[in-house]
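The values are calculated or read from the model by the stated rules, or taken from the named source; none is laboratory data. Every value quoted in this text rests on a predicted model; they were computed, and no experiment measured them. Cβ atoms come from the backbone with ideal geometry, glycine included; neighbour counts cover every protein chain shown. The protein model used for the area step is the full one, side chains on, heavy atoms only, and it has no ligands, DNA or RNA in it. Shrake-Rupley method; radii C 1.70, N 1.55, O 1.52, S 1.80 Å.
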Amino acid sequence: MQQILSDISTALQNGRAKVVKELVTTALEQNFSAQEILGAMLDGMSIVGAKFKADEIFVPEVLISARALNQGLEIIKPILTETGVKPIGKAVIGTIKGDLHDIGKNLVKMMLIGAGLEVIDLGVDVSPETFVQSAQDNGAKLICISALLTTTMTNMKGVIDELNARGIRDQYIVMIGGAPITTAFAEEIGADRYTPDAATAAEVAKGFFE
Ligand code: B1M
C-alpha cells in the first residue's frame, strides 16, 4: 500500500481523527481516488475489529476509531455522493432494531445517493414497523436494512412479516446487508437481495430502478 494510505490506516487504528482528516485531505490533493482512501480506512477499521475480537482493545478504543472513520468519511462524502441528476428512485435505509452500528449503513447510504437514488435515513435501532411505515409514507420502493450482530440479524425478518401483514409485500424490494448476513440468510427470511458491500448495494439498487 502507498505510504499515505498506510498512514491513514494507522492513524485510524490509533483513533487520531484529526490526523485522519489531514491525511485524507492530503491524499485527495495528491489525486488518490475516494475509493482508494475509503479502502485504506476500511483496512484500518478491519484491523480494529480483529483486535476488538481478540480482546486486545475494548469498546472505548473502537468508538474512537469509529469516530475517526466517520470524520474521514465526511471529507470524501461529497465525492461518493456526487450526482446532479434527477433521482432514479427512492429508498429508505436503517440499521435494524437492537443494533447501533451505523458506519456500514452510512456508507451504503452515500453510495446509493452517488448512484442517483433519493435516500431517507431512519438511523439505528429501527423497528420493522418504522421501516414499512416510512417506505409507505415516502413512496420508497426499496427498503435497505443493515445488521452487524448475529443477535439482531434475525429481527430483519420482522420487516418481511410486517409487509406481509399489511398485504403489500409485492410492492417493495427488500435489500439486506452487514457483516453476518449471507445470501442463504436473505433467502431464509424472504428478503429479495443480499449485497456484501456498499458499492455492490448501489449497483444492484440502480439495477432495480433502471
Ligand atoms: Co461492535 N461488534 N459491538 N461496535 N463492532 C462487531 C460487529 C463485532 C463483529 C466485533 C467482534 O467481536 N469482532 C461484534 C459482533 C459479533 C457478532 O454478533 N457475531 C460486535 C459486538 C459484539 C458489539 C457489542 C455487543 C460489544 C459490547 O457492547 N460488548 C456492541 C453492540 C451494541 C449494539 O449495537 N447494540 C458493539 C458496539 C460497537 C461500538 C458502538 C463500539 C462500535 C459501533 C460504532 C458505530 O457504528 N457508530 C462498534 C464497531 C465499530 C464494531 C466493529 C469493530 C466495526 C464495524 C464497522 O463499522 N465496520 C465490528 C467488527 C468488524 O466488523 N470487523 C464490530 C466498518 C463498516 C464499513 O463495515 O458495517 O460491516 P460494515 O459494513 C460493510 C458491509 O457489511 C456492508 O457494506 C459495508 C462495506 O462496504 N453493509 C451492507 C453494511 N450494511 C449493509 C446494508 C446493505 C448492503 C451492504 O444493504 C442494505
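Check region 7-15 and report whether any residue there is surrounded by 16 or more Cβ atoms within 10 Å (Cβ to Cβ) and over 20 Å from Ile64 (Cβ atoms). Looking through region 7-15, none of the residues is surrounded by 16 or more Cβ atoms within 10 Å (Cβ to Cβ) and over 20 Å from Ile64 (Cβ atoms). Only residues that are modelled with pLDDT under 95, more than 20 Å from Arg67 (Cβ to Cβ) and open to solvent by less than 60 Å² (accessible area, probe 1.4 Å) were counted across region 16-38, and they come to 1. The number of residues in region 121-153 being without any contact (Cβ under 8 Å) to a residue 40 or more places away in the chain, part of a loop (DSSP other than H, G, I, E, B) and not acidic (Asp, Glu) comes to 5.
What are the residues in region 48-104 that are touching a residue at least 60 places away in the same chain (Cβ under 8 Å) and either surrounded by fewer than 14 Cβ atoms within 10 Å (Cβ to Cβ) or among the basic types (Lys, Arg) (or both), if any? Selection gives Lys97 alone. Annotation: of all residues in region 77-89 being over 15 Å from Ala199 (Cα atoms) and of a type in the set (A, V, I, L, M, F, W, C), the one that is farthest from the ligand (Cβ to nearest atom) is Val85.
Filtering region 115-166 to residues that are more than 15 Å from the ligand (Cβ to nearest atom) and touching a strand residue (DSSP E or B) at 6+ places or on another chain (Cβ under 7 Å) leaves Glu118, Asn138, Gly139. Counting the residues of region 167-185 that are under 20 Å from Leu117 (Cβ atoms) and touching a strand residue (DSSP E or B) at 6+ places or on another chain (Cβ under 7 Å) gives 7. Number of residues in region 90-108 that are modelled with pLDDT under 95 and more than 9 Å from the ligand (Cβ to nearest atom): the value is 0.
Restricting the search to region 94-119, which residues are more than 13 Å from the chain's Cα centre (by Cα) and assigned to a strand (DSSP E or B)? Across region 94-119, the qualifying residues are Leu117, Glu118.
Just one residue in the set Thr10, Thr25 is out of contact with any Phe, Trp or Tyr (no Cβ under 8 Å at 6 or more places or on another chain) and closer than 18 Å to Pro78 by Cβ; that residue is Thr25.
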